[in-house]
Structures are given as C-alpha cells and as structure tokens.
1. How about region 54-90: which of its residues are within 16 Å of Ala245 (Cα to Cα) and surrounded by fewer than 21 Cβ atoms within 10 Å (Cβ to Cβ)?
2. On the basis of being free of Cβ contacts under 8 Å to residues at least 24 places away in the same chain and open to solvent by 50 Å² or more (accessible area, probe 1.4 Å), does Thr157 make the cut?
3. Suppose we filter Ala219, Ala176 for residues that are more than 23 Å from Gln97 (Cα to Cα), assigned to a loop (DSSP other than H, G, I, E, B) and of a type in the set (A, V, I, L, M, F, W, C); which single one remains?
4. Look through region 229-253, keep the residues that are at pLDDT 95 or above and not in a helix (DSSP H, G or I), and return whichever of them is most open to solvent (accessible area, probe 1.4 Å).
5. Given the conditions (1) surrounded by 15 or more Cβ atoms within 10 Å (Cβ to Cβ); (2) at positive phi; (3) of a type outside the set (S, T, N, Q), and given that Gly29 satisfies all but one, which numbered condition is not satisfied?
6. Mind listing whichever residues of region 72-122 are at positive phi and touching a Lys or Arg at 6+ places or on another chain (Cβ under 6 Å)?
7. Could you check Glu211 against (1) part of a strand (DSSP E or B); (2) crowded, with 19+ Cβ neighbours inside 10 Å; (3) touching an Asp or Glu at 6+ places or on another chain (Cβ under 8 Å) and say which number it fails?
8. Can you pull out every residue in region 183-202 that is outside any loop (DSSP other than H, G, I, E, B) and either among the charged types (D, E, K, R) or under 19 Å from Glu152 (Cα atoms) (or both)?
Amino acid sequence: MTRSAPYDREMSPLPRVGLTTYRERAAWGVWDEPADLLPRSYADSVAAAGAVALLLPPALPDLASAAEAVLDGVHGLVIAGGADVDPTRYGTARSPQTGPSRPDRDAWELELLRVALQRGMPLLAICRGLQLLNVALGGTLVQHLPDVVGTELHCPTPGVLGRHEVRLAAQSRIGAVFGESATVATYHHQGVDRLAEPLVATGWAVDGVIEAVELPGQAWTVGVQWHPEAFGGAPLFESFVAACASLTGAAAR
C-alpha cells in the first residue's frame, strides 16, 4: 500500500475555518436521536467569504489533545451561538431564568478558546461565543438582561431574530468593518456583566449592553453579541477570513 503524504496545513490555498456545533436531539427522515448540528447560515457565511467550513463537535474525554489536534488543521475558529453558559463557570449561582447548560460543549469550547488564544489564531465569537470568550478570560455574565435593562430589546419574540442598532467604536476592527453603527440580528437574554480585563468593549446597544468586544494586539479576535451569520454580516466574515487567509499565503475573496 502506498502511504499518503504527511498532512501539511499550508498545502491548500483556501483558508479552513473550524465552527463549533450544537449537540442536541434532532429529527430527520426516519431518525430521531442526539446529533451534532449547526444552522447552515454559519457555513454559508464562511464559504461566501472564501473559506472552507469544518464542523468541530465536542470531543471528550481528552480535551487538551483534541483541541490541539483540530486547531492544527484550521486557520481560524468560530465559536457559534447556542445554550446559556453554565454559571458555575463564572462563579455565580444559577438564576431561574438561565436555561439548561451543555457542560460538554462548555468544556470543549473553553479548551478550544484556550488553545486558539495561546496561538494567536483568528477568532470570531458569536452570541454565546462572545459570552464564553468573556468567561474564559475571567469575566462574568448577566443571566437575564430584562431584569437589568427593563426591556425585551435583545430577544423580542421567541424563535425569531430581532433587529436593533449598535454603536461601534471608530478605532476598532469592528468599526473598520461597519463604520460608526450597524443594524444587527439579535436573539439573546444574557450578556456581559464584568468585562474580562484583557478584552475591550467596541460595540454597545442603546441600553448600554456590550455588543462587541476585541482583544488588543496583532491577533484578529472579535466577539459580537449579535448574529452576523443571519443578517448583514458578510463584511465581518470577509474581514475574519482575510485574517485566516494570511496564514495560507493566499488572498481571500
């Protein structure tokens, strides 16, 4: 048998982007069982920006080795939206409004974040992803925003993405992408409480809720509380994929 050539993460001109997944019970065809899944809008957004999407379901039990191995094979990481982060991860008692946690997903994505940040890998954290990034770096979360801001602005209708404006810092990556403001798709009831010290807030809703964060320095690290994969996010994915493409020696579309 002829052995294949050793794997070389630089041999393809297309950037490869790892996307974390949900782990939920799902039904399709004649099947109804636990599944690893993700709305196709994530992969479509990555592909439209000129990269290849690879799904990264939770890998247990050797999280450290698994995270190192999968990130060896990609040029950038997207932490997707999903379930509430377990409040024990940020040292807080569970609120009655906090939904069921996904401990396997929390553990996996925190390990992916640790390795990606250590490597300076391009990172886009979306909705839950922003919240988990904040927790990973030592921040805390508001468990139910309506109790703090007094409105349902961020999750106006169950099962339907809302819309609202965000103000963006001019001297920031996100400001360079969208300008001073943007209309975004929103669906979340939690948000940043204490911002982790390494992060900088670069976007805000009208009620003051932090909507975007960045990590200062050379690495492309952006978290957004909204859903750019669902509405108006093409410029953000293009900026992210361009950062990933710089690791391949190829230009992104």
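1. Applying the first criterion (within 16 Å of Ala245 (Cα to Cα)) to region 54-90 yields 54, 71-78.
Of everything in region 54-90, those that are within 16 Å of Ala245 (Cα to Cα) and surrounded by fewer than 21 Cβ atoms within 10 Å (Cβ to Cβ) turn out to be Leu54, Asp72, Gly73.
2. Numbers: free of Cβ contacts under 8 Å to residues at least 24 places away in the same chain: yes; open to solvent by 50 Å² or more (accessible area, probe 1.4 Å): yes.
Against the criterion (free of Cβ contacts under 8 Å to residues at least 24 places away in the same chain and open to solvent by 50 Å² or more (accessible area, probe 1.4 Å)), Thr157 qualifies.
3. Working: Ala176 fails: assigned to a loop (DSSP other than H, G, I, E, B).
Exactly one residue qualifies, and that residue is Ala219.
4. Kept after step one, since they are at pLDDT 95 or above, are these residues of region 229-253: 229-245.
Filter again for not in a helix (DSSP H, G or I), leaving 229-233.
Working: Glu229: 23, Ala230: 49, Phe231: 79, Gly232: 52, Gly233: 4 Å².
Of everything passing the filter in region 229-253, Phe231 is most open to solvent (accessible area, probe 1.4 Å).
5. (1)
6. First pass over region 72-122, keeping only residues at positive phi: 82, 91, 120.
Within region 72-122, Gly82 is the sole residue that qualifies.
7. Unmet for Glu211, out of (1) part of a strand (DSSP E or B); (2) crowded, with 19+ Cβ neighbours inside 10 Å; (3) touching an Asp or Glu at 6+ places or on another chain (Cβ under 8 Å): (3).
8. Thr183, Val184, Ala185, Thr186, Gly191, Val192
The values are calculated or read from the model by the stated rules, or taken from the named source; none is laboratory data. None of the values given here were measured: they were computed from a predicted structure. Reconstructed Cβ throughout: ideal geometry from the backbone, glycine too, with neighbour counts over all protein chains shown. Ligands, DNA and RNA are stripped out before the accessible areas are found, and what is left, the full protein with its side chains, is counted by its heavy atoms. Shrake-Rupley method; radii C 1.70, N 1.55, O 1.52, S 1.80 Å.
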